[in-house]
Amino acid sequence: MSESSNQFFPNSNKVSDVNRLLDRAYPPGYANEWIELTRKKEEDVPFILKVLIFRIQQQWFGLDARGVGLVMEAKPSHRMPTPEGSPIKGVVSVRGDLKPIADLEILLHGRYRENKESGDGLMILISQDRKEWVIKVDEIFGVVSIAQKNLENVPVNIAKSHGNLIKALVEVEGKRVSILEEELLFYALSEKLSAK
């Protein structure tokens with residue numbers, strides 16, 4: 001190195017010492033040791049699902065909280081022509097945009113909700129892949145974290161009676177919660193909307 005470059009790098013000998021240190025070969029087994037450490041950390045971290053839990057009639061449901069855009073007081077909806085027994089109840093204005101509103105009681109059970117004014121009268125805006133729907137619920141329990149080990153498989157009779165829209169069951173503070181399968185829920189709602 002010339003004298004002119006030494007004025008910019010007065011500690012050039014120290015720099016080359018550091019480079020030699022960093023360029024040396026790894027000790028035997030070093031890479032495998034790090035791979036094992038990483039694998040152990042991944043196994044130790046449990047899968048956590050954040051779920052918004054809500055009630056419709058007497059049944060508690062849960063949806064992945066990442067798909068919940070807004071919880072709001074119930075608003076009047078604008079009816080649209082749909083076949084009798086359709087879960088599509090019309091449209092509702094959310095932040096100035098019209099969103100379709102669905103009745104999950106009809107979608108899940110095929111029956112009309114007799115007491116629509118029960119509970120808090122809340123609406124939830126849910127979204128997936130730029131599709132948005134509003135569902136009316138009676139009560140919001142809140143967002144809870146659920147470890148995968150606490151999720152139970154859905155018995156066949158429940159899965160069939162709910163049109164395979166339930167992906168898991170879980171117990172939360174004494175409440176039996178049915179976790180909804182978001183993709184199938186949105187698919188079913190879209191099918192009902194196109195069939196109107």
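Each listed q (0.19 Å⁻¹) maps to a log10 I(q)/I(0) for the range 48-194, found by the Debye formula over equal Cα scatterers with no solvent: -1.24. Modelled spin labels at Met80 and Leu184, positioned 7 Å past Cα toward Cβ, are 2.5 nm from each other.
Taking label positions 7 Å along the Cα-Cβ direction at both Lys149 and Asp97, the computed distance is 4.0 nm, reported to one decimal.
What fraction of the Cα pairs in the range 53-103, stated in percent, has a spacing above 11 angstrom?
Working: 976 of 1275 pairs.
Result for the distance tail: 77 percent.
Taken together, the values in this text are just the output of simple stated rules run on the coordinates, not laboratory data. Here the structure is a predicted model, which is why all the values come from computation and not from measurement. Here the Cβ is made from the backbone with ideal geometry for all residues, glycine too, and neighbour counts use every protein chain on show.
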